[in-house]
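S.K.: Have a look at the structure that comes next, please.
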Amino acid sequence: MNSVSASAGSASARQGDKPMSRYAEFYRRSVDEPEGFWSEQARLIDWKTPPQLILDASRPPFARWFVGGTTNLCHNAVDRHLASRGEQRALIFVSTETGVEKSYSFKELHAEVQRVAASLMELGVGKGDRVLIYMPMIPEAAFAMLACARIGAIHCVVFGGFASGSLASRIEDATPKVIVSADAGSRGNKILAYKPLLDEAIRLSSHKPDAVLLFDRELAPMELSEGRDHLASVLLEKHRDAEVPCTWLDATDISYTIYTSGTTGKPKGVQRDTGGYAVALAASMQHIFDGRAGETYFSTSDIGWVVGHSYIVYGPLIAGMATIMYEGLPTQGIDQQPDGGIWWRLVEKYKVTVMFSAPTAVRVLKKQDPALLKKYDLSSLRALFLAGEPLDEPTGRWISEGLGVPIIDNYWQTESGWPILTVANGVERTPSKFGSPGVPMYGFKVKILHESTGEELAGPDEKGVVVIEGPTPPGFMQTVWRDDERFVNTYWKSVPGKLVYSTFDWGIRDADGYFYILGRTDDVINVAGHRLGTREIEESISGHANVAEVAVVGVADALKGQVALAFVVAKDGAAVADEQAALQLEGEIMKRVSDDLGALARPARVRFVTALPKTRSGKLLRRAIQAVCEQRDPGDLTTIDDPSTLQQIKNLF
Ligand code: AMP
C-alpha cells in the first residue's frame, strides 16, 4: 500500500506493517486526536485569550471550535505583521480595466482599514451588525471586509456580477445596517454601473439599510439618496488619522456570511466563525499552499466568492504574504491592449510563489499563443492551484507542460471554506493524479456512501455520494444564517439513516485512495467555476408574462464547463410559431435573467417546446433532459408520462 492510500480516510485504510508516511500520520492525528492536533494548529495565529476547550461537539452536527478563546481576524491579517513587516507589500492592486497598479504596505493597509472602520462606526455599525459589501475588485472592497472584521461586524459580500434580483434577496436575508458599494465595475472595458442596480435592489427588498457608503471611481454617474447615501471620500477624509482598536471576539462569534445556491430558489447564507476560520486558513497556507511570509500570492478569483474570502483576503495576509487583487480579464494588459500574458507578467514582476485560479480561466488562456507561457521568468512560482470545477486532463496537461510547475487540483465548497480534497505538499510532497483533486485533507473524514441505502462504499471505483462525517474541522460553515433547521435538514439528513454532511457531489475513490468528483447529485450547475441553482434561473424565467413552464439544465460546454439551457413552454404558442418570434422571446427571456440575476446566470440558449418531460406524478425529469442535450442515454424512462416530450428535445439537437 502506498503512502497516499494510508491518508485517504478510514482507520481501516491505514497501513499494517510499513511505517506511515508523514502525511498519513498527520492525517491520522487530525481525525483520531482532533483536540491535540488542532490545539497545535491554533498556535499559528495570535489569541487575545487562549481557547479553553478546543472542540465542543456535544450537539451534533454543530461543531464549536476553540471555545473560550478570543481573537480577531483583522488583527491576525494586518496588525500582527506591523512590527516585523510593516513596510512590506501587503496588497497589490492591478486593474487592467482602469490601468491602475498600486501597492499598499501592511502599514498602509492598517491605516486604510482603520479609516473605513471609523467610517462604518460613524454610520452606526457595531459588533454583530451586518454590512453588505457589493463591490468590484478594488482594494476598498478588501479594506471594507477587514474593517468589518476589525470591529466585529459581520460582512456579507455579494458578487459584483449579480444583478438587482439576486442582490435584493440577499439584502432581505442578511438585513444589513449598512451597504458598502461603488459607482461601477468594469469587465472587458465595459462599464457596469452598480448604483442603479443597488437602488433597485433596495427598492425590491422589504429590509432597508440605514446607510449606504459609496466609493466613487468616476466610472459612472451616481445619484445620491439624501440622508441614506454617503460618499466614502468625505467620511474617509474625516477619519484620515483614525485609530480603531480591534474588537476581541469569541472564537465562535460570526465573522461573515456568504450566499450560495442550492436546490431551492432561495440562496443559503453560509455562516462562518472567527477563531476556527483563522486557524483553518493559517494551517492551510502552511500545509496545503506552502506559502511563506514575505512572498506574493496571486489568486485570480473575486472577493464575491469563497476563494476570494479565503485566498485573496484572509489566508495570504494571515500568512504575512502580499496578495494580488486583480480586476480584469486574463487577456488584457495594463495598457488596456490585448495581452494574453498579463498574468505571467505579474508573476514575474511580483515574484509570485503561489498562484490560484480555476480550470475555466486556463481554458481561456489555452486559446492564446502558448509561447506566452515561456516569455516570462516564472522561476519564482512553486505551484498553480486550480479549483471550482473538475479539471479535465487536456487542460491540466496543457498548463502543467506550459508552466513547468506542479498543477494542484483542489476540491472544496463555499461551505467548507478551505480544501476538502487535494494534496498537502507543505506536509509531504505527494504526487497528483490527473482527473483527481487528491486525498482527504486533515480534519475531513470523507466517505463515499450509497445514495439510497446510506451504506459505505469502501471498494475502489464504486460510485456514490461524497459525504463528510462530523465533527467538521475548523473553518467549516457553522450553520445556515438564522436557520439551523435548514442547515441540518439540507446538509445532514440527505443520506438515509446517517447524520453525515452531504457535499451533493458524486464521487469515486481509486485503489490508491485518490478521489474523483463526478458531478452534482442535485440541481446545482457550475458555469465557469461559479455555482448557480437552476431553480433560481427558472424562477426568474417564470416571471415572464408569456412563460407557462420552464426547465433549466446545465449542459457540458468546452470552455465554461457547463452552461445553462432553458426549455420553455410559452403561454401563447403563436408567439413562438415562427423563427423571428421565437428569437424575440428568447432575447426577452435572456435579458430578464441578466437583469434579475446577472449575466453569469443567463442561459446560453432558450428553446421552445409544447410540453416538458415529467414523471407521472408531475416531477420534472431534468436529468433526462440534460442527458439528451449531451447526447447521452437518458436512462430509465419507465416513469415518464409522455415520451414524446423528450423526443421533442432530442429533435432540437
Ligand atoms: P462553490 O461552493 O461555488 O465553490 O462550488 C462547489 C462545487 O464546485 C462543488 O460541490 C463541486 O461540485 C464543484 N467543485 C469545486 N472544486 C472542484 C474540483 N476541484 N473538482 C471538481 N469539482 C469541483
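The values are calculated or read from the model by the stated rules, or taken from the named source; none is laboratory data. Being a predicted model, the structure only gives us computed values, none of them experimental. Backbone-built Cβ (ideal geometry, glycine too); neighbour counts: all protein chains shown. Remember, those area values only see protein heavy atoms, side chains included, never the ligands or the DNA or RNA. Shrake-Rupley method; radii C 1.70, N 1.55, O 1.52, S 1.80 Å.
S.K.: Filter segment 362-393 down to the residues that are within 15 Å of the ligand (Cβ to nearest atom), at pLDDT below 90 and outside any loop (DSSP other than H, G, I, E, B) and list them by number.
M.R.: R363, E393, listed by residue number.
S.K.: Answer yes or no as to whether T490 is open to solvent by 20 Å² or more (accessible area, probe 1.4 Å), within 15 Å of Q626 (Cα to Cα) and among the hydroxyl-bearing types (S, T, Y).
M.R.: Against the criterion (open to solvent by 20 Å² or more (accessible area, probe 1.4 Å), within 15 Å of Q626 (Cα to Cα) and among the hydroxyl-bearing types (S, T, Y)), T490 does not qualify.
S.K.: Just give me the residues in segment 532-546 being in contact (Cβ under 8 Å) with a residue 12 or more places away in the chain, more than 16 Å from the ligand (Cβ to nearest atom) and in a helix (DSSP H, G or I), in sequence order.
M.R.: Result: E538, E539, S540, I541.
S.K.: For the condition free of Cβ contacts under 8 Å to residues at least 40 places away in the same chain, more than 22 Å from the chain's Cα centre (by Cα) and more than 15 Å from the ligand (Cβ to nearest atom), what is the one hit in G497, G404, G426, G454?
M.R.: G404
S.K.: Right, here's the next one. Tally the residues that are open to solvent by 10 Å² or more (accessible area, probe 1.4 Å) and touching a Cys at 6+ places or on another chain (Cβ under 6 Å), restricting the search to segment 116-143.
M.R.: 1
S.K.: What residue, of V593, V563, is of a type outside the set (S, T, N, Q) and closer than 18 Å to I649 by Cβ?
M.R.: Unique residue meeting the criteria: V563.
S.K.: Next question. Can you tell me how many residues within segment 516-531 are within 9 Å of the ligand (Cβ to nearest atom), of a type outside the set (D, E, K, R) and outside any loop (DSSP other than H, G, I, E, B)?
M.R.: Residues flagged as within 9 Å of the ligand (Cβ to nearest atom), of a type outside the set (D, E, K, R) and outside any loop (DSSP other than H, G, I, E, B) within segment 516-531 amount to 7.
S.K.: Another question, then. Would you list the strands (runs of 3 or more DSSP E) that sit entirely within segment 144-259 and hold 2 or more residues that are open to solvent by less than 20 Å² (accessible area, probe 1.4 Å) and among the β-branched types (V, I, T)?
M.R.: 154-157, 178-182
S.K.: Moving to a separate point now. Looking only at residues in segment 4-53 that are among the acidic types (D, E) and either in contact with a Leu (Cβ under 7 Å, 6 or more places away or on another chain) or at pLDDT 95 or above (or both), which one is nearest to S436 (Cα to Cα)?
M.R.: Among residues in segment 4-53 that are among the acidic types (D, E) and either in contact with a Leu (Cβ under 7 Å, 6 or more places away or on another chain) or at pLDDT 95 or above (or both), the one nearest to S436 (Cα to Cα) is E25.
S.K.: Residue by residue through segment 534-554, note down the ones that are of a type outside the set (A, V, I, L, M, F, W, C), open to solvent by less than 50 Å² (accessible area, probe 1.4 Å) and touching a helix residue (DSSP H, G or I) at 6+ places or on another chain (Cβ under 9 Å).
M.R.: If the condition is that a residue be of a type outside the set (A, V, I, L, M, F, W, C), open to solvent by less than 50 Å² (accessible area, probe 1.4 Å) and touching a helix residue (DSSP H, G or I) at 6+ places or on another chain (Cβ under 9 Å), then T534, E536, S540, G543, H544, N546, G554 are the ones that fit.
S.K.: Then there's this: Examine segment 527-535 for a residue that is within 27 Å of V576 (Cα to Cα) and of a type outside the set (G, A, S), and state whether such a residue exists.
M.R.: Yes, segment 527-535 has at least one match.
S.K.: With respect to the numbered conditions (1) open to solvent by 60 Å² or more (accessible area, probe 1.4 Å); (2) part of a strand (DSSP E or B); (3) touching a residue at least 12 places away in the same chain (Cβ under 8 Å), which one is the sole condition not fulfilled by S58?
M.R.: Among (1) open to solvent by 60 Å² or more (accessible area, probe 1.4 Å); (2) part of a strand (DSSP E or B); (3) touching a residue at least 12 places away in the same chain (Cβ under 8 Å), S58 violates only (3).
S.K.: So if I check each of D596, D572, D557, which one is at pLDDT below 95, open to solvent by 20 Å² or more (accessible area, probe 1.4 Å) and within 16 Å of the ligand (Cβ to nearest atom)?
M.R.: D557
S.K.: As an exercise: evaluate V100 against (1) over 27 Å from D229 (Cβ atoms); (2) open to solvent by 50 Å² or more (accessible area, probe 1.4 Å); (3) not polar (S, T, N, Q) and give the number of the one condition it does not meet.
M.R.: V100 satisfies all of (1) over 27 Å from D229 (Cβ atoms); (2) open to solvent by 50 Å² or more (accessible area, probe 1.4 Å); (3) not polar (S, T, N, Q) except (1).
S.K.: When you look at T71, is it buried (at least 24 other Cβ atoms within 10 Å of the Cβ) and over 26 Å from T274 (Cα atoms), yes or no?
M.R.: no
S.K.: Still on this structure, I have one more. Give all pairs with beta carbons closer than 6 Å in which a residue from segment 183-209 that is closer than 16 Å to L597 by Cα and among the hydroxyl-bearing types (S, T, Y) meets a residue that is in a helix (DSSP H, G or I) and open to solvent by 60 Å² or more (accessible area, probe 1.4 Å); count only pairs at least 6 apart in sequence or on separate chains.
M.R.: S205/E172
S.K.: For segment 429-447, how many residues meet the condition of being within 22 Å of the chain's Cα centre (by Cα) and either away from the ligand (no atom under 12 Å from the Cβ) or open to solvent by less than 20 Å² (accessible area, probe 1.4 Å) (or both)?
M.R.: 11
S.K.: Is there any pair linking a residue in segment 356-381 that is under 15 Å from E401 (Cα atoms) and charged (D, E, K, R) to one that is open to solvent by less than 50 Å² (accessible area, probe 1.4 Å) and within 16 Å of the ligand (Cβ to nearest atom), with Cβ under 7 Å and at least six apart or on different chains, and which?
M.R.: Pairs found: R363/T395; K366/T395.
S.K.: Would you mention how many residues in segment 103-125 are touching a helix residue (DSSP H, G or I) at 6+ places or on another chain (Cβ under 7 Å) and not in a helix (DSSP H, G or I)?
M.R.: Residues meeting the conditions: 2.
S.K.: Every residue in segment 337-361 that is within 16 Å of the ligand (Cβ to nearest atom) and among the hydrophobic types (A, V, I, L, M, F, W, C), please.
M.R.: M355, F356, A358, A361
Listed here are the residues, each with its yes/no results for (1) open to solvent by 10 Å² or more (accessible area, probe 1.4 Å); (2) at pLDDT 95 or above; (3) touching a Phe, Trp or Tyr at 6+ places or on another chain (Cβ under 9 Å); (4) not hydrophobic (A, V, I, L, M, F, W, C).
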| position | (1), (2), (3), (4) |
| --- | --- |
| I288 | no, yes, yes, no |
| A293 | yes, yes, no, no |
| D302 | yes, yes, yes, yes |
| V347 | no, yes, yes, no |
